[in-house]
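The values are calculated or read from the model by the stated rules, or taken from the named source; none is laboratory data. Owing to the predicted nature of the structure, the values given are computational and were not obtained by experimental measurement. Heads up, the Cβs are rebuilt from the backbone with ideal geometry, glycines too, and the neighbour counts pull from every protein chain shown. We work out accessible area using only protein heavy atoms, side chains counted, and drop any ligands, DNA or RNA first. Shrake-Rupley method; radii C 1.70, N 1.55, O 1.52, S 1.80 Å.
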Amino acid sequence: MFKTVLTLAAALALAAPALAQDYTIRAVANSNEEDEDYDGLQVFKSHVEAASNGAIAVEIYMGTQLCSNGAECLQGVADGSIDVYISTLDGAAGLFPYFQVLDMPYLMADDRVAERVLSGDFMRYLRDRALEDSGNTLRLMTIGNTGGWRSYANTQRRVQTPADLAGLKMRTVVADLPQELARAMGASPTPIPWPELFTSLQTRVVEGTANGITDIMSMRFPEAGLRYLTLDQHAYMGAYWWMSNDSFMAMPEDMRQIVVDGFYALQQATFASPKRKSIPAYEAFAAAGGEVYVPTPEERAAFAEAAEPVYAWFTSTVSGGEEILARFRDAVAEAEAAVNEERARDIQ
């Protein structure tokens, strides 16, 4: 009997390596290890590998090791050479123009509202549309954050009103809506991929950008001449986390549940990371000679008014834009009502 037990144990030990990695998820983020994307991927990897008892292995590829931009990386997910990819509007907007709705300016008031919207059924609505439009290849797993809120930053002057943006060469992502917003503000939009922005600022190809403080400092933009930051916070910097639908559906349900829960953990990590990292980032920005300006309520209202043409552009140009914007506004209104009710109860 003892010999039989030893023989069985040896057989199991030999079988264990094969069972340890039944599935491998190759995850790509075109950023660096200082970014919120990396924080989220670390949490995802830890959860998925532990909860699956080693059956799922997660390989993380930062930067441009497997693909260099949004369109190329999403094509990799669609054809199965990449399993997971995080995109902003760069790349995603080319395939799904309606995803630009989340960059609509001045619609979401704060983190609590934005996080509730992105955790709810509006995300699932976008997921279902994208699945259908991609021929069931690209599955939106969650929407997190990548850098806080978009605010105007530039190398030239303090921006207090839309008029101060007039004539500035502003970098935008490679998508139509941010370009339309820059034009509405009187600026000159220049689409530039994220990895090229430092050099573009340094060589004055562009004079400004719309980013959050953590991205500004993680990419060392003050060294490229970026000095002025205006916290108008016109758009939440949503991060779309995509997965190959074939890779996802090839797993049994218990493994898919682990992956879904892993993306929930990732989302929560990316929600939290910019809040913590922004504290030393603002300090470092000031130490580098940066100037932060917070618009008054009246000034922010002027920015919102100047942005109005963007809503008309979206509904008239993007197929199904009117319905999608209406759904988004409804989701924001529901989130605001829920958050305000919670606040009212908590201050009593």
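Residue selection: residue 114 satisfies the criterion of being surrounded by 23 or more Cβ atoms within 10 Å (Cβ to Cβ) and not acidic (Asp, Glu). Looking at this structure, is residue 158 charged (D, E, K, R), open to solvent by less than 30 Å² (accessible area, probe 1.4 Å) and under 24 Å from residue 310 (Cα atoms)? Taking the combined requirement at face value, the residue does not satisfy it.
Annotation: of all residues in region 268-296 being within 21 Å of residue 37 (Cβ to Cβ) and among the aromatic types (Phe, Trp, Tyr), the one that is most open to solvent (accessible area, probe 1.4 Å) is 282.
Only residues that are open to solvent by less than 60 Å² (accessible area, probe 1.4 Å) and either in a helix (DSSP H, G or I) or not hydrophobic (A, V, I, L, M, F, W, C) (or both) were counted in region 317-335, giving 10.
Figure legend. Inter-residue proximity from region 247-271: first residues closer than 12 Å to residue 52 by Cβ, second residues open to solvent by less than 50 Å² (accessible area, probe 1.4 Å) and not aliphatic (A, V, I, L, M), beta-carbon distance below 8 Å, spacing 6+ or different chains. Indicated pairs: 255/52; 256/248; 258/52; 259/248; 262/44. The selection criterion, being aromatic (Phe, Trp, Tyr) and at pLDDT below 95, holds for residue 194.
Scanning region 140-157 for any residue that is in contact with a Ser or Thr (Cβ under 8 Å, 6 or more places away or on another chain), part of a loop (DSSP other than H, G, I, E, B), among the charged types (D, E, K, R) and more than 25 Å from residue 241 (Cβ to Cβ) turns up nothing.
Contact map, region 283-301: residues that are under 18 Å from residue 185 (Cα atoms) paired with residues that are in a helix (DSSP H, G or I) and modelled with pLDDT of 95 or more, Cβ distance under 8 Å, separation 6+ or inter-chain. Pairs shown: 295/303. Among residues of region 161-174 being surrounded by fewer than 22 Cβ atoms within 10 Å (Cβ to Cβ) and of a type in the set (Val, Ile, Thr), the one that is nearest to residue 226 (Cα to Cα) is 161.
Determine, yes or no, whether residue 208 is open to solvent by less than 40 Å² (accessible area, probe 1.4 Å) and on the phi > 0 side of the Ramachandran plot. In short, no. At pLDDT 95 or above, on the phi < 0 side of the Ramachandran plot and surrounded by fewer than 22 Cβ atoms within 10 Å (Cβ to Cβ): does that describe residue 251? The answer is yes for residue 251.
Among the residues of region 176-199, those that are open to solvent by less than 30 Å² (accessible area, probe 1.4 Å), without any contact (Cβ under 8 Å) to a residue 60 or more places away in the chain and not in a helix (DSSP H, G or I) comprise 187, 189, 192. Restricted to region 140-155, and to residues there that are more than 15 Å from the chain's Cα centre (by Cα) and either hydrophobic (A, V, I, L, M, F, W, C) or open to solvent by 20 Å² or more (accessible area, probe 1.4 Å) (or both), the residue that is nearest to residue 321 (Cα to Cα) is 153. Within region 220-246, restricting attention to residues that are within 22 Å of the chain's Cα centre (by Cα) and either more than 18 Å from residue 151 (Cβ to Cβ) or free of Cβ contacts under 8 Å to residues at least 40 places away in the same chain (or both), which residue is surrounded by the fewest Cβ atoms within 10 Å (Cβ to Cβ)? Once the filter is applied, the top-ranked residue is 220. Only one of the listed residues (80, 76, 54, 70) is at positive phi and touching a residue at least 40 places away in the same chain (Cβ under 8 Å). That residue is 80. All of (1) open to solvent by 10 Å² or more (accessible area, probe 1.4 Å); (2) modelled with pLDDT under 95; (3) of a type outside the set (A, V, I, L, M, F, W, C); (4) on the phi > 0 side of the Ramachandran plot hold for residue 106 with one exception: (2).
Return the only residue of 114, 92, 27 being in contact with a Phe, Trp or Tyr (Cβ under 6 Å, 6 or more places away or on another chain), modelled with pLDDT of 95 or more and among the hydrophobic types (A, V, I, L, M, F, W, C). Unique residue meeting the criteria: 114.
Within region 126-139, the set of residues being buried (at least 16 other Cβ atoms within 10 Å of the Cβ) and outside any helix (DSSP H, G or I) comprises 134, 137, 138, 139. Filtering region 42-82 down to residues that are hydrophobic (A, V, I, L, M, F, W, C) and either assigned to a loop (DSSP other than H, G, I, E, B) or open to solvent by 50 Å² or more (accessible area, probe 1.4 Å) (or both), which residue is nearest to residue 21 (Cα to Cα)? The qualifying residue nearest to residue 21 (Cα to Cα) is 55.
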